[in-house]
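**Q** Structure provided below as structure tokens; questions to follow.
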Amino acid sequence: MTMASFTRPMCVLVTGANRGFGKAVCLSLATKLQPHSVLVLLGRTEEGLKTTQAGVLNLNPGITTHVYSKYECGNLDCDSLTSSLGAIQLPGTVTDLLVVHNAGTVGDPSQSSLNTTLQSAQEYMNVNFSSAVAANTVFLEVFSSLSNKTVVNVTSLCGVLATKTVALYCAGKCYRLCVCSTHTYGYTYTYKKN
């Protein structure tokens, strides 16, 4: 299996595409994607995704975009995600898949990890870890026919270096890094934001 290439049309999925870093990734990718590529914007707010979509199409009207506004990390509906992604018709020239896992939250840095309850820890890990693992499974199953796959896990230095006020954030980033490095070994590149 080889990595996705910007020299040919590809299918790209970006989580957290409705704002911030995810939106910036989409706008940057728009300038690099070949005509007939498909860019799928996933996030929580349709308004933010539509703004990103307009910016992408302004930069590259030769690509097709899809918006999935039900990407709620804390309560990911894998059946809905599978159904929506499965309905996307890819041009026959698309053989590459690029997945950019960006969605997540730092949480409340003012909250000490000593005050963390089991429920709040589970909710946090659902948002920042479990949803990314489940979504990755959906992405790779739905687009299993594509021969070249690359998974980018947007992380930070906190994934490998403990930071005093964001213990759960560090743990979530570390978990995602380990899972992406082992389960998708061979076609994963990890970008460290910080």
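The values are calculated or read from the model by the stated rules, or taken from the named source; none is laboratory data. Note that the coordinates shown come from a computational prediction; the quantities given were computed from them, not determined experimentally. No Cβ is skipped: glycine too gets one built from the backbone with ideal geometry, and neighbour counts run over all protein chains shown. Please note that ligands, DNA and RNA were not included when accessible areas were found on the heavy atoms of the full protein model with its side chains. Shrake-Rupley method; radii C 1.70, N 1.55, O 1.52, S 1.80 Å.
**Q** Work out the FRET efficiency for Thr117 and Thr45 from their Cβ-Cβ distance, taking R0 = 22 Å, and round it to the nearest 0.05. Don't jump to the answer; show the numbers that get you there.
**A** On the way: r = 28 Å, r/R0 = 1.28.
It comes to 0.20.
**Q** If contacts are Cα pairs under 8 angstrom and at least 6 residues apart, what is the relative contact order of the chain in percent?
**A** For the chain, the relative contact order is 23 percent.
**Q** Tilt of helix 20-30 relative to the longest C-alpha principal axis of the chain, in degrees (0 to 90, nearest 10)?
**A** It works out to around 20 degrees.
**Q** Here's a follow-up. Which value, in Å² rounded to 10, gives the accessible area of Tyr175 with a 1.4 Å probe and all protein chains present?
**A** Approximately 110 Å² of Tyr175 is accessible to the 1.4 Å probe.
**Q** Which of Gln53, Gln34, Gln89 moves most in a GNM of the chain, Cα contacts under 10 Å?
**A** Looking only at Gln53, Gln34, Gln89, the largest GNM fluctuation is found for Gln89.
**Q** Averaged per residue, what accessible surface does the chain expose to a 1.4 Å probe, in Å²?
**A** It amounts to 50 Å² per residue over the chain.
**Q** Here's a follow-up. Say each of Ser145 and Ser28 gets a label point 7 Å from the Cα, pointing the same way as Cα to Cβ; how far apart are those two points in nm?
**A** So the label points at Ser145 and Ser28 sit 3.2 nm apart.
**Q** Measure of size requested: the Rg and Dmax of the range 39-194, with Cα atoms as the atom set and Å as the unit; please supply both.
**A** For the range 39-194, the Cα radius of gyration and maximum Cα-Cα distance read 16.6, 53 Å.
**Q** Of Leu33, Leu42, Leu157, which has the largest mean-square fluctuation in a 10 Å C-alpha GNM of the chain?
**A** So, out of Leu33, Leu42, Leu157, the one fluctuating most is Leu157.
**Q** In whole Hz, with x marking every Gly and Pro, tabulate ³J(HN,Hα) for the range 62-75 from phi via Karplus 6.51 cos²θ - 1.76 cosθ + 1.60, θ = phi - 60°.
**A** Working through the residues one at a time gives x, 10, 9, 10, 10, 10, 10, 9, 9, 7, 9, 4, x, 8 Hz.
**Q** In whole angstrom, how long is each semi-axis of the equivalent ellipsoid of the range 19-131, when you take the square root of 5 times every eigenvalue of its Cα gyration tensor and sort them from largest down?
**A** 31, 16, 11
**Q** Just from the alpha-carbon atoms, what are the Rg and Dmax of the range 68-132 in angstroms?
**A** 16.2, 53
**Q** When the solvent-accessible surface of protein heavy atoms is calculated with a 1.4 angstrom probe, in what order do Phe129, Phe21 fall, highest first?
**A** Values: Phe129 45, Phe21 70 Å².
Most to least solvent-accessible, the answer reads Phe21, Phe129.
**Q** Continuing with this model, one more query. Could you work out the percent of alpha carbon pairs in the range 2-69 separated by over 21 Å, rounded to a whole number?
**A** Numbers: 330 of 2278 pairs.
For the range 2-69, the share of Cα pairs beyond 21 Å comes to 14 percent.
**Q** Ok, one more. Carbon and sulfur together cover what percent of the accessible area of the range 1-137 at a 1.4 Å probe radius?
**A** Carbon plus sulfur share of accessible area: 53 percent.
**Q** Now, a different point. Which residue fluctuates the most in the chain, going by a Gaussian network model with Cα springs under 10 Å, if the choices are Asp96, Asp77, Asp108?
**A** Asp108
**Q** Only four residue types carry charge here, +1 at the Cβ of Lys and Arg and -1 at the Cβ of Asp and Glu. Report the dipole size of the chain about the Cα centre in Debye, rounded to the nearest 20.
**A** It comes to approximately 580 debye.
**Q** If each DSSP helix of 4+ residues adds -39,500 (n - 2.57) and the sum is divided by the residues in the chain, what number results at 222 nm, nearest 500 deg cm²/dmol?
**A** It comes out at -11500 deg cm²/dmol, rounded to the nearest 500.
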